[in-house]
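The structure under discussion appears below in the form of structure tokens.
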Amino acid sequence: MSDIVISVEQLSKSFRLGEMRRGHTLADAINGLFHRNASAQAAKEEAERRTLWALRDVSFTVRRGEVLGIIGRNGAGKSTLLKILSRIVAPSAGRAVIDGRVGALLEVGTGFSSELTGRENILLSGTILGMSTQEIRRKMDEIIDFSGIERFIDTPVKRYSSGMYTRLAFAVAAHLEPEILIVDEVLAVGDLEFQRKCLGKMNAMTKGGRTVLFVSHNMGAVSELCSHALLLQRGQVHAMGETAAIVEEYARLQRGTVHGVTFDENENLPASMTAASVTDVHGNAVTTVDIADPVVLNVTYKVREPLDGLQLSAVISRNMNEIICTFDSDALESIPFHEPGTYRASLRLPGMFLKAGNYSVRIATGTPDRLMMEIEAALTFEVEELSQNTHHKGYRKERIGHVIAPANWKREQVG
Amino acid sequence: MSQSPAGEAAQPTIRQVIKPVSGWQPLDVAEMWRFRRLLSVFVWRELKIRYKQAVLGFLWVVIQPLALTIVYSIFFGYVARIPSEGVPYPVFFLGGMILWQFFNLAVTQGSVSLVAQQQIITKVYFPRPLAPLTSVVSAFVDFLIMFGLLIAVELFYGIRPSWPMLTVPLFAILTGTMAFAICLWLSALDALYRDVRYALTFLMQVWYFATPIIYPLSIVPERFRWIMTLNPLASAIQGFRWAVLGNAPPPPVLDMAVAVGVTLVLLLSGAMFFRRIEQRVIDMI
């Protein structure tokens, strides 16, 4: 047992919903005092209902020299786990024992001050990340060299381009030498060449027997770097083991088990929707699809009397607010006449069309002169960058825009 | 559960146990001491940024109190003829004002420090009281420069430093501790309720006039003196003036004891409150 360096025992973290939004001014707090729930029991239930468990009873151990990948969907608790292990937030229950100096890298450029020069920021950020002054002095030249921006090193970083800023920040981080390194998806920045350099550096670091915890959505990077992986699902450990098996399991989970939604029947309407679902092209229900795969939206509806001109409409939004496009069945050349009965319609959205993100679909049915049923966010699904490394692509999710269009620049020299 | 392997015995392993924070706990001084180097870098950054954009840079630390002294000396010393403990009014005023400036700067910066540092606080761990402490220590650096100015002005007026001068650090430490205690309270409150920062300007204004800075304690009517006794800053300034002016009356021992007591109560309660609130604050920001 002597080589276990991290031991996590039933670690849990809960947040109280609503607290984050309310209570930012004193007036709100005073207001809250007068609107307390009269019954203590009701208050307790309310509190219970509002409690969100970001992590629940998470237990695992990490051996010295192990490189552990932590994967899971958004909101599975990965970041919370890293923040607890790096002591930024305290757990609500359970404990973790860590033997060794921990260096956490949850963001690129932690502690950078725009007013200071590159050199000054190396000192500042290095100290914040836990390097000693001698260590920084000793590595100063190496860090500057690694960043590749020697010429601007005595210029305030506010004059840097974002690329230069990232390079410098990463150069500092890459020279951290803690016994245990905690890294959160910071590789998702910088250009491809620089990313390779950083991955190489990290690889070299792990070869040196350093223990690393690495959170990422990039399965390619996880497979390449990590010997073992931990899969989190809704705040709990779903599986842990050899990386290949866990990545496989993650992909299986992503194919989803959730089936569509059903709607209460309304007898008074001439036609109404009864169910809807999101599936892949084979009809398997999914909640997450790969960016390259098509996604199919299915709607089942009942027609109670002969109807002319019945339409369906799907309005797709990304990240809960921006509407991207609508698909209306009256765009068809002929609007079908419906005899009474149950129908099923499906809409196939091609792969390489929607960027990674969370999508919600408002579905509606009606005739040109009457809206019969409209359901906000009836369906939701997520598009993930599973099969592709999109870091250097124009459609990677951090960039603006919502769709991937098949158009490219063409260049020619004209003079 | 785990022992260091024999081969690495030379390298001491740091063991950390992460567990829920519960109850009322005081300040972890030992931990803050371990992070002292980070504190010095924070202070260095604060000072660097504060004066980097100004052409006159550090000179402002001297220009501000000098300009204030001239203005106050004209209106309160020359026009209103406020008594000044037997020394020229400019020396008297400056002798109280620089301690106030130290306190004022530390409190106004320190009270918003937790929010100002949120970018770092949510990304990296360090003992959070370091945020307000940074403001106090960097204000202290300014104080040292102003203290040099005070000595220069005293020499200009022919006042020679005398032995009570040796007690200056005591009053500076008392003031700094008090500022830190208040920063602990207010920075935690400010993170929860931004009202604090708006109320602060007004609070400091009132405190300024409720402290014998532009006037000597001796002109405060006897029946209101007890209020001054309860204001630890009044006692600190009284003591500081005694130490630097040579001529001013020494502070009553009882007043000093009350000042130290009030400061300690504020510090301990502030530390516990801060500790109690910091986790909620981090979950919120």
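The values are calculated or read from the model by the stated rules, or taken from the named source; none is laboratory data. Just so you know, these numbers come straight off a predicted model, no measurement behind them. We place every Cβ from the backbone using ideal geometry, glycine too, and count neighbours over all the protein chains shown.
Which of (1) under 14 Å from A:Ile180 (Cβ atoms); (2) more than 10 Å from chain B (Cβ to nearest Cβ); (3) of a type in the set (D, E, K, R) does A:Arg56 not meet, given it meets every other one?
Checking A:Arg56 against (1) under 14 Å from A:Ile180 (Cβ atoms); (2) more than 10 Å from chain B (Cβ to nearest Cβ); (3) of a type in the set (D, E, K, R), the one that fails is (1).
Looking only at helices (runs of 4 or more DSSP H) that lie completely in the range B:214-285, which have at least 3 residues being at pLDDT 85 or above?
Numbers: elements: B:225-230, B:232-245, B:253-284.
It comes to B:232-245, B:253-284.
Does the range A:257-265 contain at least one residue that is out of contact with any Gly (no Cβ under 9 Å at 6 or more places or on another chain), under 30 Å from A:Ala364 (Cβ atoms) and modelled with pLDDT of 75 or more?
Yes, the range A:257-265 contains a residue that is out of contact with any Gly (no Cβ under 9 Å at 6 or more places or on another chain), under 30 Å from A:Ala364 (Cβ atoms) and modelled with pLDDT of 75 or more.
Looking only at the range B:79-100, count every residue that is assigned to a loop (DSSP other than H, G, I, E, B), in contact (Cβ under 8 Å) with a residue 12 or more places away in the chain and on the phi < 0 side of the Ramachandran plot and tell me the total.
Residues of the range B:79-100 assigned to a loop (DSSP other than H, G, I, E, B): B:80-88.
Retained after the next criterion (residues that are in contact (Cβ under 8 Å) with a residue 12 or more places away in the chain): B:82-88.
Next cut, on the phi < 0 side of the Ramachandran plot only: B:82-84, B:87-88.
Residues meeting the conditions: 5.
Within the group A:Leu85, A:Leu68, A:Leu11, which residue is in contact with a Cys (Cβ under 7 Å, 6 or more places away or on another chain) and at pLDDT 90 or above?
Being in contact with a Cys (Cβ under 7 Å, 6 or more places away or on another chain) and at pLDDT 90 or above holds for just one of A:Leu85, A:Leu68, A:Leu11, which is A:Leu68.
Only one of A:Glu249, A:Glu267 is of a type in the set (Asp, Glu), surrounded by 14 or more Cβ atoms within 10 Å (Cβ to Cβ) and out of contact with any Phe, Trp or Tyr (no Cβ under 6 Å at 6 or more places or on another chain); which?
Going through A:Glu249, A:Glu267 in turn, the sole match is A:Glu249.
Quick one: count up the residues across the range A:134-156 that are farther than 21 Å from B:Leu38 by Cα and among the hydrophobic types (A, V, I, L, M, F, W, C).
Going through the range A:134-156 one residue at a time, the tally reaches 5.
Between B:Ile18, B:Ile49, B:Ile74, B:Ile98, which is touching a strand residue (DSSP E or B) at 6+ places or on another chain (Cβ under 7 Å), modelled with pLDDT of 80 or more and surrounded by 12 or more Cβ atoms within 10 Å (Cβ to Cβ)?
B:Ile18
Can you tell me which residue among A:Leu106, A:Leu82, A:Leu55 is surrounded by fewer than 21 Cβ atoms within 10 Å (Cβ to Cβ), within 19 Å of B:Thr122 (Cβ to Cβ) and touching a strand residue (DSSP E or B) at 6+ places or on another chain (Cβ under 6 Å)?
A:Leu106
State whether one or more residues within the range B:171-179 are in contact with a helix residue (DSSP H, G or I) (Cβ under 9 Å, 6 or more places away or on another chain), within 14 Å of chain A (Cβ to nearest Cβ), surrounded by fewer than 23 Cβ atoms within 10 Å (Cβ to Cβ) and touching a residue at least 24 places away in the same chain (Cβ under 8 Å).
The initial filter retains those residues of the range B:171-179 that are in contact with a helix residue (DSSP H, G or I) (Cβ under 9 Å, 6 or more places away or on another chain), namely B:171-172, B:174-179.
In the following step, the residues that additionally are within 14 Å of chain A (Cβ to nearest Cβ) were identified as none.
No, the conditions are met nowhere in the range B:171-179.
Do you know which residues across the range A:275-292 are surrounded by 18 or more Cβ atoms within 10 Å (Cβ to Cβ) and not aliphatic (A, V, I, L, M)? Spell out the reasoning first.
Of all residues in the range A:275-292, those surrounded by 18 or more Cβ atoms within 10 Å (Cβ to Cβ) come to A:276-279, A:286, A:288-291.
Hits for the range A:275-292 are A:Ser277, A:Thr279, A:Thr288, A:Asp290.
Quick check, is B:Gly158 in a loop (DSSP other than H, G, I, E, B) and farther than 24 Å from B:Ala257 by Cα?
yes
Can you find a residue that is within 7 Å of another protein chain (Cβ to nearest Cβ), under 17 Å from B:Ile282 (Cβ atoms) and modelled with pLDDT under 85 anywhere in the range A:95-106?
yes
In the range B:108-128, which residues are away from chain A (no Cβ under 12 Å), of a type in the set (S, T, N, Q) and part of a helix (DSSP H, G or I)? Spell out how you get there, then give the answer.
Within the range B:108-128, the first condition is being away from chain A (no Cβ under 12 Å), and the residues that meet it are B:108-114.
Checking which are of a type in the set (S, T, N, Q) leaves us with B:108-109, B:111, B:113.
The answer is B:Thr108, B:Gln109, B:Ser113.
Run A:Gly118 past the list (1) surrounded by fewer than 23 Cβ atoms within 10 Å (Cβ to Cβ); (2) touching a Ser or Thr at 6+ places or on another chain (Cβ under 7 Å); (3) more than 9 Å from chain B (Cβ to nearest Cβ) and report the number of the one that doesn't hold.
(1)
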